[in-house]
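Student: Would you mind keeping the following structure in view while I ask a few things?
The values are calculated or read from the model by the stated rules, or taken from the named source; none is laboratory data. Computed from a prediction, not measured in an experiment: that's the story for all the values here. Every residue, glycine as well, gets a Cβ built from its backbone with ideal geometry; the counts of neighbours run over all protein chains shown.
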Amino acid sequence: MIQSELLQEEKMYAEVLLPLALPRTYTYAVPELLQKAISIGKRVEVQFGSRRIYSGIVKNIHTTAPQISKVKELLSVIDEQPIIQPLQFQFWKWIADYYCCYEGEVMNAALPSGFKLESESKICFNYSFGTDFSSLDDDEYIVAEALTVKSELDINEIQKLLNKKSVRKIINSLLAMKVIKLKEEMIQKYKPRTENFIQLHDVLKEEAQLSGLFEELKRAPAQEKLLLAYLHLVRSGDKHQLIKRAELLKKADAKDSELKGLISKGIFVQKQLEVDRINDVENENNSTLDLSEQQTVSLEKIKTDFKEKEVVLLHGITGSGKTALYIKLAEEIIADGKQVLFLVPEIALTSQLVNRLRKFFGEKLGVYHSKFNPQERVEIWNKLLLSRYNIIIGARSALFLPFSKLGLVIVDEEHDSSYKQYDPAPRYHARDAAIYLSHLHGAKTILGSATPSLESYFNAQSEKYSLVELKEQFSQQALSEIIPINIKKETRERKMQSHFSSVLMIAIKKALEQDEQIILFQNRRGYSPYLECRTCEWVPQCPNCDVHLTYHKLKNELCCHYCGFKRNPVAKCEACGSSAMQVVGFGTEKIEDELKTFFPEVKVGRMDADNIRTRSGHDKIIGDFEEKNCKY
């Protein structure tokens with residue numbers, strides 16, 4: 001890595017990658033004050049264009065002057081340590097070349113938004129203009145007058161001040177008259193989380209001093225109760241342990257003012273410290289796993305095949321115990337001091353899998369997907385840089401995390417279409433990208449599926465990949481029976497009850513009588529796929545995507561599931577004016593609604609993207625299902 005070891009008399013330049021759709025990096029001069037701080041992989045603050053300021057990543061450092069007359073200088077170095085590993089740059093370049101996009105677009109997709117800083121325009125008063133505002137109109141006068149009181153304002157503040165959505169014309173007019181100036185200010189998106197902690201003052205070390213303290217607090221029973229609560233919360237007799245302020249107040253059932261009284265008396269000391277947003281589970285990885293004879297044979301074959309092949313396709317029927325093999329392989333890789341990446345296609349699949357894996361890997365296991373907020377994603381990224389995690393489970397975005405010693409990549413349900421990123425760029429396939437990432441690290445890849453994709457199975461048949469098969473269920477139970485139903489025949493014979501066949505209704509009733517649970521799958525969310533005019537068959541469509549708008553009954557709106565466009569349901573056909581509008585088809589919302597009608601005494605729950613907004617939403621529904629709080 002070329003760093004500040006370059007001779008001081010030589011001018012230093014940095015190649016900076018920006019999170020924009022640009023065909024190349026841009027060269028910036030490194031000021032002498034920043035030469036010791038800069039290194040490849042760190043974020044730097046740079047001016048791009050006439051005003052905008054961005055945080056870019058240093059990709060290279062050299063002493064070759066660019067062939068332009070004026071080179072802008074770096075404004076600052078943001079990070080103390082590099083946040084990007086050298087192999088990540090190679091991975092980004094491969095994705096950009098293979099999927100026909102720019103490295104800046106890959107960087108934009110790879111980095112948590114908390115790392116991507118942009119400037120915000122601040123509007124300042126130009127004091128050289130003077131105080132004669134007679135030439136300004138009413139809105140311009142209000143802005144200028146406000147800036148004489150407050151030194152700077154942003155766009156949102158001006159919008160609120162004028163009670164207008166668009167203030168661009170007013171700002172441009174003030175700029176043209178040189179009443180105001182623009183200043184770009186970098187906005188730091190990531191802020192460490194802090195909490196207040198309480199600690200006994202250092203001077204109160206002896207038991208005798210504490211005894212005297214209780215005598216002194218007899219006249220203040222609430223404060224005495226707080227002190228007792230603190231001593232009850234400390235562990236191992238450490239009377240100077242830090243206790244969370246909120247936890248102490250809750251334990252003592254005390255008011256904030258009573259705690260402030262103890263702080264003002266010098267009995268307690270309050271400290272504000274940084275804390276993690278991600279609460280890692282501190283359970284021991286002491287679980288054991290027994291394999292069947294078939295699993296043991298398959299595991300040994302995978303290990304043997306890994307000596308010659310980089311990729312193994314594990315074709316195992318449902319319930320054959322593929323996850324057990326993943327765990328065994330991961331344990332061996334971690335024991336060698338390497339890292340494991342476990343990819344799953346859907347966030348919904350992580351909940352139960354994480355709970356199972358934590359029994360084996362404890363706090364070594366990290367989770368990463370889009371339901372984490374930007375601040376939490378930054379913390380997971382930083383923990384991986386510090387090697388706090390040995391195994392990461394996540395959706396396709398976990399590919400971009402800063403692995404330094406990757407030893408195994410597991411792609412579960414490798415056939416799933418959710419591994420494909422369609423929009424925006426880079427439009428990559430996470431399974432294929434995972435194989436290349438594994439190759440970069442000299443690691444191994446295992447693709448698991450009960451129904452392998454055609455391309456993976458072809459690669460296995462042509463011996464590009466190794467093929468390992470599990471043909472028996474771990475529990476030795478018979479495979480579930482699949483019964484096809486002729487819906488046209490059921491409809492013709494008038495046996496259908498709404499969208500439910502007679503066979504399905506009998507099966508549901510039988511399961512409920514035996515106090516069993518039921519899961520119904522439907523691949524459409526919302527109440528109905530679309531509304532249709534019975535007269536002319538006109539259907540409301542999205543103006544942006546040219547697709548049918550889905551009807552959501554609970555929200556009473558038509559919604560596009562691609563771009564998010566929404567509108568109120570139409571009462572009349574916009575083509576012929578007819579009022580004969582009808583819902584066509586059915587989604588998860590309608591199934592839930594009708595099940596409550598058919599089985600009013602049964603609790604019915606629904607799990608889809610519309611009613612799960614937080615990362616714990618899946619866990620809650622699955623937890624309720626496990627505890628039989630609802631029957632689906």
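Student: Can you name the residue in region 303-336 that is over 29 Å from the mean Cα position of the chain (by Cα) and basic (Lys, Arg) and, of all such residues, is surrounded by the most Cβ atoms within 10 Å (Cβ to Cβ)?
Tutor: 309
Student: Check residue 97 against each of (1) exposed (fewer than 14 other Cβ atoms within 10 Å of the Cβ); (2) at pLDDT below 90; (3) assigned to a helix (DSSP H, G or I) and name the one condition it does not meet.
Tutor: The one condition residue 97 does not meet is (2).
Student: Ok, one more. Could you grab the pairs with beta carbons closer than 9 Å, sequence gap of 6+ or different chains, first residue in region 570-582 and assigned to a loop (DSSP other than H, G, I, E, B), second one of a type in the set (A, V, I, L, M) and exposed (fewer than 10 other Cβ atoms within 10 Å of the Cβ)?
Tutor: Every condition considered, the pairs that remain are 579/571.
Student: For region 116-150: of the residues being loosely packed, with under 10 Cβ neighbours inside 10 Å and touching a residue at least 24 places away in the same chain (Cβ under 8 Å), which is farthest from the chain's Cα centre (by Cα)?
Tutor: For region 116-150, the residue satisfying everything is 135.
Student: Also, quick follow-up: Looking at region 417-440, which of the residues that are of a type in the set (S, T, N, Q) and either within 18 Å of the chain's Cα centre (by Cα) or modelled with pLDDT of 95 or more (or both) is surrounded by the fewest Cβ atoms within 10 Å (Cβ to Cβ)?
Tutor: 418
Student: Same structure, new question: Would you confirm whether any residue within region 554-563 is touching a residue at least 40 places away in the same chain (Cβ under 8 Å), assigned by TED's automatic domain parsing to the domain that holds residue 523 and of a type in the set (S, T, N, Q)?
Tutor: no
Student: If you check 507, 433, which single one turns out to be in contact (Cβ under 8 Å) with a residue 60 or more places away in the chain, aliphatic (A, V, I, L, M) and not assigned by TED's automatic domain parsing to the domain that holds residue 95?
Tutor: Selected residue: 433, the only one of 507, 433 that is in contact (Cβ under 8 Å) with a residue 60 or more places away in the chain, aliphatic (A, V, I, L, M) and not assigned by TED's automatic domain parsing to the domain that holds residue 95.
Student: Filter the helices (runs of 4 or more DSSP H) completely within region 445-537 down to those with at least 3 residues that are more than 22 Å from residue 597 (Cα to Cα) and under 33 Å from the mean Cα position of the chain (by Cα). Steps first, please.
Tutor: Numbers: elements: 454-461, 487-492, 502-513.
Once the helices (runs of 4 or more DSSP H) in region 445-537 are filtered for at least 3 residues that are more than 22 Å from residue 597 (Cα to Cα) and under 33 Å from the mean Cα position of the chain (by Cα), what remains is 454-461.
Student: Another question, then. Being at pLDDT 85 or above, surrounded by fewer than 16 Cβ atoms within 10 Å (Cβ to Cβ) and in contact with a Ser or Thr (Cβ under 8 Å, 6 or more places away or on another chain) is true for just one of 590, 572. Which residue is that? Give the steps one after another, and end with the answer.
Tutor: Numbers: 590 fails: surrounded by fewer than 16 Cβ atoms within 10 Å (Cβ to Cβ).
Checking each option against the conditions leaves just 572.
Student: If you don't mind, there's one more thing I want to ask. Could you list, in sequence order, all residues of region 457-491 that are out of contact with any helix residue (DSSP H, G or I) (no Cβ under 9 Å at 6 or more places or on another chain), modelled with pLDDT of 90 or more and closer than 24 Å to residue 416 by Cβ?
Tutor: Correct list: 457, 458, 459, 460, 461, 462, 484.
Student: Output the strands (runs of 3 or more DSSP E) that fall wholly within region 9-71 and possess 1 or more residues being of a type in the set (Phe, Trp, Tyr) and touching a residue at least 24 places away in the same chain (Cβ under 8 Å), or say none. Even if it seems obvious, please write down each step before you answer.
Tutor: Working: elements: 12-17, 26-30, 43-47, 53-62.
Passing ranges, in order: 12-17, 26-30, 53-62.
Student: Also, I was wondering about something else. Listed residues 250, 244, 255; which is of a type in the set (D, E, K, R), at pLDDT 80 or above, surrounded by 13 or more Cβ atoms within 10 Å (Cβ to Cβ) and out of contact with any helix residue (DSSP H, G or I) (no Cβ under 7 Å at 6 or more places or on another chain)?
Tutor: When all the criteria are applied, what remains is 244.
Student: Aliphatic (A, V, I, L, M) and within 24 Å of residue 426 (Cβ to Cβ) - does that describe any residue in region 37-44?
Tutor: For region 37-44, residues aliphatic (A, V, I, L, M) and within 24 Å of residue 426 (Cβ to Cβ): present.
Student: Can you name the strands (runs of 3 or more DSSP E) wholly within region 109-220 that have at least 1 residues being small (Gly, Ala, Ser) and at pLDDT below 85? Let's see the steps before the verdict.
Tutor: Numbers: elements: 119-125, 152-154, 180-186, 193-200.
Passing ranges, in order: 119-125.
Student: Within region 262-344, considering only strands (runs of 3 or more DSSP E) that don't extend past its boundaries, which have at least 2 residues that are at pLDDT 80 or above and under 30 Å from residue 228 (Cα atoms)?
Tutor: Values: elements: 268-275, 311-316, 339-343.
Hits in region 262-344: 268-275.
Student: Could you tell me how many of the residues in region 100-115 are surrounded by fewer than 18 Cβ atoms within 10 Å (Cβ to Cβ) and touching a Pro at 6+ places or on another chain (Cβ under 7 Å)? It would help to see each step written out before you state the result.
Tutor: Of the residues in region 100-115, the ones surrounded by fewer than 18 Cβ atoms within 10 Å (Cβ to Cβ) are 100, 113.
With the extra rule that they be touching a Pro at 6+ places or on another chain (Cβ under 7 Å), the set shrinks to 113.
The total comes to 1.
Student: Moving to a separate point now. Using the structure shown, decide if residue 454 is touching a helix residue (DSSP H, G or I) at 6+ places or on another chain (Cβ under 7 Å) and either closer than 12 Å to residue 344 by Cα or surrounded by fewer than 21 Cβ atoms within 10 Å (Cβ to Cβ) (or both).
Tutor: Against the criterion (touching a helix residue (DSSP H, G or I) at 6+ places or on another chain (Cβ under 7 Å) and either closer than 12 Å to residue 344 by Cα or surrounded by fewer than 21 Cβ atoms within 10 Å (Cβ to Cβ) (or both)), residue 454 does not qualify.
Student: Within region 46-74, which residues are buried (at least 18 other Cβ atoms within 10 Å of the Cβ) and over 17 Å from residue 22 (Cα atoms)?
Tutor: 61, 74 - these are the residues of region 46-74 that are buried (at least 18 other Cβ atoms within 10 Å of the Cβ) and over 17 Å from residue 22 (Cα atoms).
Student: Could I ask something else about it? Would you mind stating whether residue 50 is of a type in the set (Ser, Thr, Tyr) and under 22 Å from residue 404 (Cβ atoms)?
Tutor: Here the answer is no, as residue 50 does not meet what is asked.
Student: Further, regarding this structure: What's the number of the condition residue 414 fails, among (1) surrounded by fewer than 19 Cβ atoms within 10 Å (Cβ to Cβ); (2) under 30 Å from residue 462 (Cα atoms); (3) acidic (Asp, Glu); (4) in contact (Cβ under 8 Å) with a residue 40 or more places away in the chain?
Tutor: Among (1) surrounded by fewer than 19 Cβ atoms within 10 Å (Cβ to Cβ); (2) under 30 Å from residue 462 (Cα atoms); (3) acidic (Asp, Glu); (4) in contact (Cβ under 8 Å) with a residue 40 or more places away in the chain, residue 414 violates only (1).
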